[in-house]
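The values are calculated or read from the model by the stated rules, or taken from the named source; none is laboratory data. Everything quoted here is computed from the prediction, not taken from an experiment. No Cβ is skipped: glycine too gets one built from the backbone with ideal geometry, and neighbour counts run over all protein chains shown. In case anyone asks, the SASA skips ligands and DNA or RNA and just uses the protein heavy atoms, side chains included. Shrake-Rupley method; radii C 1.70, N 1.55, O 1.52, S 1.80 Å.
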Amino acid sequence: MLWRSIVVKYWFFFILIFIICYTSMSFIIYSQFNAHLINQAENELTLTVKSVNKLMNNTTNRQIDEIRDHEYGIIMFNKNNQVANESEWLSFINEVSGVKQIHSDQINMHDKQLLIVGHFSPQSTIMAYRSLDTIAQTLTKVEQLLFMIGLLLLIVFSAFSYLLSKRLSEPLSKMRKTALTYAKGDFNLKLPMNNPDEIGELAMAFNRMGRQLSYQLNALKQEKEILSNILRSMHDGVLTLNLDGEIIISNPQANQFIADFLYQENQVSTRQIPDQLYDFIQDVIKKSIPQSYHLKIQGRDWTMVISPLYEEQSIRGVVAIVRDVTEQNQLDQLRESFLANISHELRTPISLMQGYSEAIIDGVARSREEQIDLAQIILDESLRMGRLVNELLDLAKLKSGQIDLIINSYSISEFLARIIRKFKVKCTNNGISFSFGNNATVDEIPFDRDRLEQVLTNLIDNAIRHTPVNGEIKLILTEANDNLIFELHDTGSGIPEQDLPFIFERFYKADKSRSRTQLNKKGTGLGLAIAKQIVEAHGGQISAQSKLDRGTTFKFSLPKNNL
């Protein structure tokens with residue numbers, strides 16, 4: 001971690017440069033000083049040899065012997081080479097023999113290194129020598145002096161280089177801290193611009209970059225919010241996917257479509273989308289042109305238009321528009337069936353009332369008991385017709401907004417406990433288990449207690465009527481964002497796929513025969529339509545998922561705060 005610091009890197013670099021420069025300079029000084037000392041010694045010995053040579057030409061043999069023992073280290077040989085048997089000097093004599101000028105060299109003798117200068121002539125040979133120990137001692141002192149000076153300079157330069165490195169790296173450290181702050185999305189931190197140099201200009205550019213990033217990020221956030229609001233407000237589902245089939249952008253309508261698609265296929269996909277939809281995407285990418293597809297999901301008709309998404313010349317993904325065309329396809333049919341349903345629902349009780357009334361008038365029922373039975377049938381049919389009319393009126397008022405909901409804050413747990421007690425005995429008598437699970441953290445929410453009880457009563461009553469013995473009904477309460485989610489699961493007969501899109505329509509019944517069995521005797525085909533209007537009046541949504549002979553799940557949401 002220490003070597004990652006720029007201060008240490010600068011400091012090490014400066015010290016390395018100093019060591020290289022000082023070592024090179026010391027080597028040059030040492031070499032020059034060594035050469036100077038040796039050159040000075042050679043000059044002195046040369047002058048001595050010349051002086052002795054001149055003196056030999058003008059003196060006697062005794063004087064020469066005295067010079068030979070001189071303290072300067074002078075050795076002379078006469079023309080007969082009287083000391084030629086001294087082998088230590090033979091190599092040097094052989095080198096200077098026949099040379100008419102001064103010759104110098106360094107030799108080793110008796111474990112000492114000598115500097116020797118010789119002159120050869122036909123009459124004699126003169127050699128002057130000097131030990132190099134004195135020069136070596138002087139050079140050792142020079143080495144010690146250079147080392148002490150270098151060590152002192154290294155300490156001073158280390159402190160200076162550390163301060164300089166810290167000074168140079170301080171703006172970079174501030175820039176690093178500012179960059180990390182910018183990476184977290186905070187662009188309020190600014191760099192000081194104290195010096196009008198390159199560092200100051202860099203700090204100014206850094207601050208300008210922060211302002212531009214802040215402006216661009218705010219612009220992107222605004223565009224993203226606008227795009228998100230537009231997508232949420234669209235009735236059609238919008239999906240943007242990359243080449244791998246991963247969802248990049250989607251709105252709630254598209255998410256619900258994907259959830260229903262996966263539920264119908266009973267598919268656990270490794271992707272975020274069903275395999276069939278992934279195949280559609282690959283087909284569009286391969287052809288590079290928009291394609292339209294028609295799907296039937298949970299009994300509803302869907303049209304999907306998938307277009308390639310280009311980045312310059314290459315395809316980077318696709319955009320899919322999903323539209324529910326079920327209502328559009330069935331609108332005319334539903335309009336016609338509405339009148340037929342009303343006529344059918346009213347004609348049956350009217351025909352019964354008319355027939356049994358004529359039977360009483362014509363005296364078909366002779367005994368009082370028979371008359372009471374016929375009158376009871378007439379009463380039941382009149383009550384059924386009254387319920388039908390009242391539900392029609394309630395539905396019309398709910399759709400037109402003429403019924404005001406009485407919304408107050410209630411404890412949802414106490415409310416649901418009363419609903420469960422209300423149906424517990426009926427479920428037990430029918431051999432059905434009824435369970436409740438509360439996974440919500442909030443308890444009090446605003447709602448119209450009577451209307452919400454009407455919704456749950458209708459849903460639970462339908463679940464009981466369509467669930468066989470030993471079946472199971474579950475009511476689960478959960479939370480999602482700002483909504484409270486009610487889920488009612490049953491293991492009943494389920495709803496046929498072709499009927500599922502129309503169960504919330506008025507007068508729609510899965511039993512097309514309209515037979516008067518005990519199962520559908522009390523049904524008018526308006527309960528789910530009224531339940532849908534009540535939930536939507538609360539600001540929520542209701543949906544259903546079902547598989548034949550596997551069961552049905554009704555799910556509706558209520559806002560936590562609807563006051």
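A few notes on this one:
- Evaluation of residue 319 against (1) at pLDDT 90 or above; (2) of a type outside the set (Lys, Arg); (3) outside any strand (DSSP E or B) (one fails), failing number: (3)
- Taken over the stretch 359-377, the criterion of being part of a helix (DSSP H, G or I) and either in contact (Cβ under 8 Å) with a residue 24 or more places away in the chain or in contact with a helix residue (DSSP H, G or I) (Cβ under 8 Å, 6 or more places away or on another chain) (or both) is satisfied by 359, 360, 371, 374, 375, 377.
- Restricting the stretch 424-449 to residues that are in contact with a Leu (Cβ under 9 Å, 6 or more places away or on another chain) and without any contact (Cβ under 8 Å) to a residue 60 or more places away in the chain, the residue that is surrounded by the most Cβ atoms within 10 Å (Cβ to Cβ): 434
- The stretch 236-253, subset without any contact (Cβ under 8 Å) to a residue 40 or more places away in the chain and of a type outside the set (Asp, Glu), residue surrounded by the fewest Cβ atoms within 10 Å (Cβ to Cβ): 252
- Per this entry, residue 273 is counted among residues that are open to solvent by less than 40 Å² (accessible area, probe 1.4 Å) and either β-branched (Val, Ile, Thr) or modelled with pLDDT under 85 (or both).
- Residues that are within 40 Å of the chain's Cα centre (by Cα) and either part of a strand (DSSP E or B) or of a type in the set (Lys, Arg) (or both) were ranked within the stretch 435-446; the one that is farthest from residue 470 (Cα to Cα) is 446.
- Test: residue in the stretch 402-416 that is open to solvent by 50 Å² or more (accessible area, probe 1.4 Å), closer than 30 Å to residue 477 by Cβ and modelled with pLDDT under 75: yes
- So residue 295, is it touching a residue at least 12 places away in the same chain (Cβ under 8 Å), open to solvent by less than 50 Å² (accessible area, probe 1.4 Å) and part of a helix (DSSP H, G or I): no
- Residue within the stretch 13-29 that is modelled with pLDDT of 55 or more and farther than 30 Å from residue 160 by Cβ present: no
- Restricting the stretch 510-529 to residues that are among the aliphatic types (A, V, I, L, M) and open to solvent by 10 Å² or more (accessible area, probe 1.4 Å), the residue that is modelled with the lowest pLDDT: 519
- Conditions (1) within 30 Å of residue 346 (Cβ to Cβ); (2) at pLDDT 85 or above; number of the one not met by residue 440: (1)
- Single residue of the stretch 477-491 satisfying the filter (in contact with an Asp or Glu (Cβ under 9 Å, 6 or more places away or on another chain) and touching a residue at least 40 places away in the same chain (Cβ under 8 Å)) that is nearest to residue 548 (Cα to Cα): 491
- Taken together, 547, 532 contain a single residue that is more than 17 Å from residue 465 (Cβ to Cβ) and either at pLDDT 90 or above or in contact with an Asp or Glu (Cβ under 9 Å, 6 or more places away or on another chain) (or both), which is 547.
- Count - residues of the stretch 254-270 that are within 22 Å of residue 300 (Cα to Cα), in a loop (DSSP other than H, G, I, E, B) and open to solvent by 80 Å² or more (accessible area, probe 1.4 Å): 2
- The combined condition, being within 15 Å of residue 413 (Cα to Cα) and surrounded by fewer than 19 Cβ atoms within 10 Å (Cβ to Cβ), is fulfilled by residue 478.
Results for (1) closer than 22 Å to residue 473 by Cα; (2) in a strand (DSSP E or B); (3) over 34 Å from the mean Cα position of the chain (by Cα); (4) β-branched (Val, Ile, Thr), shown as yes or no for each residue.
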{"position": "528", "(1), (2), (3), (4)": "yes, no, yes, no"}
{"position": "533", "(1), (2), (3), (4)": "no, no, yes, no"}
{"position": "539", "(1), (2), (3), (4)": "no, no, yes, no"}
{"position": "546", "(1), (2), (3), (4)": "yes, yes, yes, no"}
{"position": "549", "(1), (2), (3), (4)": "yes, no, yes, no"}
{"position": "552", "(1), (2), (3), (4)": "yes, yes, yes, yes"}
{"position": "555", "(1), (2), (3), (4)": "yes, yes, no, no"}
{"position": "558", "(1), (2), (3), (4)": "yes, yes, no, no"}
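- Output for the stretch 126-177, where each listed residue is closer than 30 Å to residue 50 by Cβ, of a type in the set (Ser, Thr, Tyr) and either open to solvent by 60 Å² or more (accessible area, probe 1.4 Å) or at pLDDT 80 or above (or both): 129, 134, 138
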